[in-house]
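Below: the structure, in structure tokens.
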Amino acid sequence: MRVSVVQMNPGADKPANLAQARALIERAAAEDRPELVALPEMWTCLGGDRATKFAASEALPAPGSNLSGGPAYEMLRDLARRLRLTLHGGSIGERDGERLFNTTLVFDPDGQEIARYRKIHLFDIVAPDGTGYRESATFGGGEAVVTCDAGGLRLGCAICYDLRFPELFLSLRRAGAELIVLPAAFTLQTGKDHWEVLVRARAIETQCWIAAPATWGRHLDGGGELRFTYGHSLICDPWGDVAARQASGTGWASARIDPALTARVRRDMPVLEHRRLA
């Protein structure tokens, strides 16, 4: 399976973000012919206050209902069907009554939704430069570990800050994951020190491929303050080597997922069978 991770520079203008995503997906599909394309975290609305995020969010149709969704939902479904690929929709704002969730959607080449994952770990931290982030002030947290079949591979779902919690990745491996897709909007301050080393560590620990599409560049938060995300979208193999990278700017990176490499790494170093404490 050939996989492309799309790197975007979204802001709070949802129609502009949709247009940017569509153009990048179509270009990646035309030039690299991937079977799976993945978008970054919160690409429909990055920045702005809670009211802006709420307005940009979408109430999702019940899984399996085939009912129509909002603009982002329908764009993802239509692109997956038209381009005949599995489309991992990164994450978008999901509106559930008065609550918001940071939610992944995955569509198969027939445009059917095959996975829905709500981000479990919420980003409530103070960055090294003193900037505070409190994702839980806007979003609720999910609870379920989610995998799906994507083109014959078992795909596991995680989002951004989940990266710092290896127990989730171990749960995905135990659920059969061979590829874990990790959309992110990693801050510049934390990303420059932790992003690549953590992505590679999770790949090594789980012996899974990790596809990590990210946002890059600047956007404005709810108070009008400039925020910067790190970019450096990655695809890592189960040995922890970087197979593809989009460092800065918008664009994409592609790599071929090799199941034979996964099988060889797991055979020669059977860490899951050796595990004793968890």
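Each reported figure results from applying straightforward, stated rules to the coordinates on display, with no laboratory input. In this text, all values refer to a predicted model and were calculated from it rather than measured experimentally. With ideal geometry, Cβ positions are generated from the backbone for all residues, glycine too; neighbour counts draw on all protein chains shown.
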Report task. Once you've got the GNM for the chain with C-alpha springs shorter than 10 Å, pick whichever of V181, V145, V37 has the biggest mean-square fluctuation. Result -> V145
Requested in this report: Give the long-range amide H neighbours of L122: residues separated by 5 or more places, or on another chain, with amide H under 5 Å away, using H modelled in the peptide plane at 1.01 Å from N.
Outcome: none
Query raised in the report: Between E143 and A62, what FRET efficiency follows from the Cβ-Cβ distance if R0 is 30 Å, with the result rounded to 0.05?
Result: 0.95
**Report entry** Per-residue Cβ neighbour rank within 10 angstrom, fewest leading, W195, W216, W239
**Finding:** W239, W195, W216
Query raised in the report: By how many nm would the segment from Q189 to D110 lengthen if fully extended, with 0.36 nm per residue of separation less the alpha-carbon distance?
Result: 24.5 nm
Report summary line: GNM of the chain, Cα pairs under 10 angstrom: of H121, H194, H88, the biggest fluctuation goes to H194
Requested in this report: Return the distance in nm (one decimal) between the two label points of a simple spin-label model at A263 and R84, each offset 7 Å from Cα along Cα→Cβ.
Outcome: 2.7 nm
Query raised in the report: How high is the relative contact order of the chain, in percent, with contacts defined as C-alpha pairs under 8 Å that are six or more residues apart?
Result: 20 percent
